[in-house]
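Enquirer: Let me give you the structure first, and then I'll get to my questions.
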């Protein structure tokens, strides 16, 4: 990272804060956050910022202002609005009381957060609530939403003291590369300021995720998050913009709504509460690279060894008689990505179904390359799904042939599940290219290196190939050429589709 964009002793202007940790979630209405948990968080945040923004005052969050006073933090108090009238009433009344009783701490009230974006409230109703809060608190009042929704609802401007906009380049309809994020923020700020010449524009949310799926050229990563933060802070300082960064700590509960990327917007990680980067220090996207490297080399070694000993069991005493190029391709693809696949398991697994799927993917990433290499060197027939599903074929096949066919079946089945998810519900889904790379390359190579397997005319393989190929083409065009994660995964689906078709061709 470059040196800090802040002057010596200067702190961040403001940071969004929500106290939820681990399995805690605002979706659990019975949850109450203990004061000790908030106290520990604010003690840490006081080291880097002088202000925090909150979004609600229920579930124990009404304690934040009092604890913030202890650490000299000012608060931009949020009042959460939704389509639930009773919850709105409680939020409004509690927010007004907090603002009245903590005028030395609460500097502004933010009435509603993206409620127009979610379509949960009409503008006249929202305007009436804003005017009531302003009247009963005497504090500056604003409403926060994505910048386009302010431009669509300009009649709301007379009711607020500030126009508070959210500018999140990653979530734009046309996502931007991290290198263009700060410039985009500046362009949006200028556009909104020109639309509301008599109002100060506050950037209520701006940030970048550190993990998750790509959107066009927008890649979530620790390095990109650090870069965007540095450049946005610098440009905000030069132009004297009021700005609030999203967010203080990772919020795991957001993964239920937004996938992996939703839980990784924090300056601090959600579990250990440690900073993700430091000004002037190195930022690594792959901090465990050395161990991943060693693991990959070991898998490549095991893959070559499996091929060598399989050939020796066939009487091939001299290694030079083994056809090594396909085995080398299998070892390379498996070794390069198996460590990456293992690291992604806890990152991309939330529910028990996610954990089961990720675990199976990693297992086949470890097992398939050595098995495919051994089969290629041994001359094991490459058979179709019937070798596993049909008892007659299963009894007739040798153990290595059954294992290879089972790995093919499991890999293709999981690929179809992932592919159809990315076709019909893609917005928040990850691209598991790392665990699929080794198995897809290994199985594709095996269809050329191994002789044909047991014959049986069927439709399972061609139908699987059609689904994978069709999904790959859709993903290619839907996600865009800049999304290399999507394009890589689409290419792997095509390899698996070709392997399925190859099985049918060699047996006919």
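The values are calculated or read from the model by the stated rules, or taken from the named source; none is laboratory data. Keep in mind that what you see is a predicted model, and the values were worked out from it rather than measured. As a convention, Cβ positions derive from the backbone with ideal geometry for all residues, glycine included, and neighbour counts pool all protein chains shown.
Enquirer: Quick test for you: out of 38, 33, pick the one residue that is surrounded by 15 or more Cβ atoms within 10 Å (Cβ to Cβ), assigned to a loop (DSSP other than H, G, I, E, B) and either modelled with pLDDT under 95 or on the phi < 0 side of the Ramachandran plot (or both).
Expert: Details: 38 fails: assigned to a loop (DSSP other than H, G, I, E, B).
Among 38, 33, only 33 is surrounded by 15 or more Cβ atoms within 10 Å (Cβ to Cβ), assigned to a loop (DSSP other than H, G, I, E, B) and either modelled with pLDDT under 95 or on the phi < 0 side of the Ramachandran plot (or both).
Enquirer: Right, another one. Test of understanding: among 363, 342, which residue is under 32 Å from the mean Cα position of the chain (by Cα) and touching a residue at least 40 places away in the same chain (Cβ under 8 Å)?
Expert: On the way: 363 fails: touching a residue at least 40 places away in the same chain (Cβ under 8 Å).
After applying the criteria, what remains is 342.
Enquirer: I've got another one for you. Can you tell me which residue among 115, 75, 105, 109 is farther than 30 Å from residue 47 by Cα, surrounded by 15 or more Cβ atoms within 10 Å (Cβ to Cβ), touching a residue at least 24 places away in the same chain (Cβ under 8 Å) and in contact with a strand residue (DSSP E or B) (Cβ under 8 Å, 6 or more places away or on another chain)?
Expert: Details: 75 fails: farther than 30 Å from residue 47 by Cα; 105 fails: farther than 30 Å from residue 47 by Cα; 109 fails: farther than 30 Å from residue 47 by Cα.
On inspection, the qualifying residue turns out to be 115.
Enquirer: For segment 478-487, which residues satisfy the criterion of being within 14 Å of residue 419 (Cβ to Cβ) and surrounded by fewer than 16 Cβ atoms within 10 Å (Cβ to Cβ)?
Expert: 478
Enquirer: Residue check: is residue 287 touching a helix residue (DSSP H, G or I) at 6+ places or on another chain (Cβ under 9 Å), surrounded by fewer than 19 Cβ atoms within 10 Å (Cβ to Cβ), modelled with pLDDT of 90 or more and outside any helix (DSSP H, G or I)?
Expert: Values: touching a helix residue (DSSP H, G or I) at 6+ places or on another chain (Cβ under 9 Å): yes; surrounded by fewer than 19 Cβ atoms within 10 Å (Cβ to Cβ): yes; modelled with pLDDT of 90 or more: yes; outside any helix (DSSP H, G or I): yes.
Taking the combined requirement at face value, the residue satisfies it.
Enquirer: How about segment 169-278: which helices (runs of 4 or more DSSP H) wholly inside it have at least 1 residues that are touching a residue at least 60 places away in the same chain (Cβ under 8 Å)? Show your work before the answer.
Expert: Numbers: elements: 181-195, 222-239, 255-258.
Those helices (runs of 4 or more DSSP H) span 222-239, 255-258.
Enquirer: Something else: Only one residue in 127, 70 is closer than 21 Å to residue 166 by Cα and out of contact with any strand residue (DSSP E or B) (no Cβ under 7 Å at 6 or more places or on another chain), so which one is that? Give the steps one after another, and end with the answer.
Expert: Details: 70 fails: closer than 21 Å to residue 166 by Cα.
Residue meeting the stated conditions: 127.
Enquirer: Check segment 140-147 and report whether any residue there is in contact with a helix residue (DSSP H, G or I) (Cβ under 9 Å, 6 or more places away or on another chain), free of Cβ contacts under 8 Å to residues at least 60 places away in the same chain and in a loop (DSSP other than H, G, I, E, B).
Expert: Within segment 140-147 (the criterion being in contact with a helix residue (DSSP H, G or I) (Cβ under 9 Å, 6 or more places away or on another chain), free of Cβ contacts under 8 Å to residues at least 60 places away in the same chain and in a loop (DSSP other than H, G, I, E, B)), the answer is yes, since at least one residue qualifies.
Enquirer: Do we find a residue being buried (at least 24 other Cβ atoms within 10 Å of the Cβ) and not in a helix (DSSP H, G or I) anywhere in segment 367-377?
Expert: Checking segment 367-377: not a single residue is buried (at least 24 other Cβ atoms within 10 Å of the Cβ) and not in a helix (DSSP H, G or I).
Enquirer: Hey, could you check segment 330-352 for residues that are in contact with a helix residue (DSSP H, G or I) (Cβ under 7 Å, 6 or more places away or on another chain) and not in a helix (DSSP H, G or I) and say which is nearest to residue 496 (Cα to Cα)?
Expert: Checked segment 330-352; the qualifying residue nearest to residue 496 (Cα to Cα) is 349.
Rundown of residues vs (1) touching a strand residue (DSSP E or B) at 6+ places or on another chain (Cβ under 6 Å); (2) crowded, with 21+ Cβ neighbours inside 10 Å, yes/no style:
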position	(1), (2)
193	yes, no
197	no, no
202	yes, yes
216	no, no
257	no, no
261	no, yes
273	no, no
279	no, no
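Enquirer: Filter segment 78-102 for residues that are without any contact (Cβ under 8 Å) to a residue 24 or more places away in the chain and either assigned to a loop (DSSP other than H, G, I, E, B) or surrounded by 23 or more Cβ atoms within 10 Å (Cβ to Cβ) (or both) and give the result.
Expert: Answer for segment 78-102, where residues must be without any contact (Cβ under 8 Å) to a residue 24 or more places away in the chain and either assigned to a loop (DSSP other than H, G, I, E, B) or surrounded by 23 or more Cβ atoms within 10 Å (Cβ to Cβ) (or both): just 84.
Enquirer: Scan segment 386-397 and report the pairs whose first residue is at negative phi and touching a residue at least 24 places away in the same chain (Cβ under 8 Å) and whose second residue is surrounded by 13 or more Cβ atoms within 10 Å (Cβ to Cβ) and not in a helix (DSSP H, G or I), with Cβ atoms within less than 6 Å and a gap of 6+ or a chain change.
Expert: As it stands, the answer is 386/456; 387/397; 393/454, since those pairs meet every condition given.
Enquirer: Among the numbered conditions (1) in a loop (DSSP other than H, G, I, E, B); (2) farther than 26 Å from residue 171 by Cβ, tell me where residue 414 comes up short.
Expert: Unmet for residue 414, out of (1) in a loop (DSSP other than H, G, I, E, B); (2) farther than 26 Å from residue 171 by Cβ: (1).
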